[in-house]
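These notes are about the structure you will find just below.
No value in this document is a laboratory result; all are computed from the given coordinates. Keep in mind that what you see is a predicted model, and the values were worked out from it rather than measured. Please note: Cβ atoms are built from the backbone with ideal geometry, for glycine as well, and neighbour counts cover all protein chains shown.
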Amino acid sequence: MNTKIIFVSGGVISGIGKGVATSSIALLLKSRGFAVTAIKADPYLNVDAGTLNPIEHGEVFVLNDGMECDQDLGNYERFLNQHLNSTNYMTTGQIFKSIIEKERALEFEGKTVEFFQDPPREIIERIEKCAKKNRAEIIVFEIGGTVGEYQNLLYLEANRLLKLTRPKDILHIHLTYLPIPSSIGEMKSKPAQMSIQQLAQAGIQADFVLARSQVAVDTKRKEKIAIACGLNAEDIISAPDVENIYQVPLNFENQNLSGKILEKLSLKPKASDLSRWKIMVNDALTAKRTVRIAMVGKYFSTGDFTLSDAYLSVIESIRHAAANFNFKPRISWIDSAQIETEGVKVLAGFDGIVVPGGFGSRAVDGILTAIKFAREGKVPYFGLCYGMQLAAVEFARNVLDLEDANTTEINHKTKHPIIDVMADQKDKIEGKNLGGTMRLGSWDFKAKKGSIIEKAYKSITGSERHRHRYEFNNAYRDRFEKEGMFISATTKDGKLVEALELKDHLFFIGVQFHPELKSRPLTPHPLYLAFMEAIAQSKKR
């Protein structure tokens, strides 16, 4: 394998932006003309991210091939502007599961399976598989967690072994944090130095250090960090807070990070082309008009905090589309439980309402109230997956007068199961075969001519990613269409409903799929563009 591999680790605290840093490095190297891909390694024993709580872990991102993975894969796809696959994601659960399956099949031929030897070998095999599958010249490999934790040592060991056998092909970039305590008012580098030392204890010396802080890191601090890890000061890259995450690669490139990486990897430099990226960033930063979007959901609150990461791709898709209309979006997270206690007054003044995906019965009445408010008040509405299903329930209750209408996910005894479990999912639910068994990945659809879907895609066919177990009940199709809610898209065979649209409304649409998973900053998703265009028209009125 001739592929170059760049490992990225993080230190001091979690959540300092390893995913964005990894994405930015990958983008910069791709802009230099190299074939680049990225891998995320999650140090959890979960086999995939599908069973993780979105409040604790962030959204579950789904790839075309159905892999349920960490939200950082979304950043990789958005920055690289390319589709990834299951080889781009691994967990410790996958590693151990694969090794145990091999042991049971006697593939180790009687040898002892060693805890600290065989998992790193398995990790290296998966890196090689990813390189081959993606035909990558360079892989940027993000190691989840924080240096010093026991759980990511296996990935650091894989890094160490590769460096021993292929020293010219392997780099390590360490992202660390320099706090500015309010009581002191001075940037402190000691925590960063300690995290670099912890990395060295795992047998790895960083080739570059990305120094995260509220403001740009000064020369004095760079020199201290350089001494701590035996580097030149120019290999310490300042990574201050920015207004827009898409500024990060431009900041890195202003410090010639890609050129320095190529030099250390002995790769011939190629001219960088970030012209379209710079225009996109400038458009987002200089937008003059404000648009207010209410995001009504159930996975925002965690203690006294709001966790927007539960819907990261939706948020980014809104931003992608807004910039095309000279809008700077102000997104407000409205917990549907708040609507249940305070009423629709919390929705006043918003230009558009989005109800994203979700599961379960908690605070559903608040979502239904928000949907009714958008339908009757002619507020542009965009329902995503669960947002489509609940739009159907609200319509059935308040327009078709089916008071007991519901989804069987909430009430399996409802007289009017507007949304019901998919036929092939019933046995899986009863047998608790739940991990990785939903309708997942990319599926083709066909749209009705003249629909918002057809106009947005400029085509009657398309392909989108899914993640659900429940679907619209076809027994109610005719009644819905007779009263003004029509089926605007189905699967290619016409059996499953993919989208519902309300007649006599500027923009009221629910889709069973997740269009946000395919939106990119350089190519915003057509449905989000249509949503933003409807908002622009509504504001003119």
Could you give the angle, 0 to 90 degrees to the nearest 10, between helix 18-31's Cα long axis and the longest principal axis of the Cα atoms of the chain?
80
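Over the chain, what is the mean sequence separation of C-alpha contacts under 8 Å (at least six apart), divided by residue count, expressed as relative contact order in percent?
Rounded, it is 15 percent for the chain.
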Relative to the longest principal Cα axis of the chain, at what angle does helix 219-229 sit, 0 to 90 degrees, rounded to 10?
70
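Over segment 4-279, what relative contact order in percent results from Cα pairs under 8 Å that are six or more residues apart?
Numbers: 483 pairs, mean separation 69.4, N = 276.
Across segment 4-279, relative contact order equals 25 percent.
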Residues whose modelled amide H sits under 5 Å from the amide H of ALA38, counting only those 5 or more places away in sequence or on another chain, are VAL140
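With viscosity set to 0.890 mPa s and temperature to 25 °C, compute the Stokes-Einstein D of segment 50-207, Rh being the Kirkwood radius across alpha carbon pairs; µm²/s, no decimals. Walk me through the numbers on the way to the answer.
Details: Rh = 18.0 Å.
Once the numbers are plugged in, D ends up at 137 µm²/s.
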With +1 on the Cβ of every Lys and Arg and -1 on the Cβ of every Asp and Glu, and nothing else charged, how large is the dipole of the chain about its Cα centre, in debye rounded to the nearest 20?
1520
Need one word for segment 134-203: rounded, prolate or oblate. Basis is the Cα gyration tensor (sqrt eigenvalues a ≥ b ≥ c); a/c below 1.5 gives rounded, then a/b vs b/c decides.
prolate
Per the Kirkwood formula over distinct C-alpha pairs, the hydrodynamic radius of segment 260-406 in angstrom is 17.4
Cα centre as origin, Lys/Arg/Asp/Glu Cβ charges: segment 39-179 dipole, Debye:
540
If amide H atoms are modeled at 1.01 Å from N in the peptide plane, then the residues at a separation of 5 or more from ILE418, or on another chain, having amide H under 5 Å from its own are ASN406
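I need the shape label for segment 287-540. Rule: rounded when a/c is under 1.5, else prolate if a/b > b/c, else oblate, with a, b, c from the alpha carbon gyration tensor. Provide the component values of the computation, followed by the final result.
Working: a/c = 1.35, a/b = 1.21, b/c = 1.12.
Rounded.
Can you tell me the dipole magnitude for segment 50-131 around its Cα centre, using point charges on the Cβ only (Lys, Arg +1; Asp, Glu -1), in Debye to the nearest 20?
Numbers: 8 positive and 16 negative charges, 23 e Å.
It works out to roughly 100 debye.
Largest first and in whole Å, give the semi-axes of the chain's equivalent ellipsoid, each being the square root of 5 times a Cα gyration tensor eigenvalue. Provide the component values of the computation, followed by the final result.
Numbers: eigenvalues 365, 153, 89 Å².
They are 43, 28, 21 Å, listed largest first.
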In the chain, what percentage of the DSSP-assigned beta bridges are antiparallel, given to the nearest 5?
35
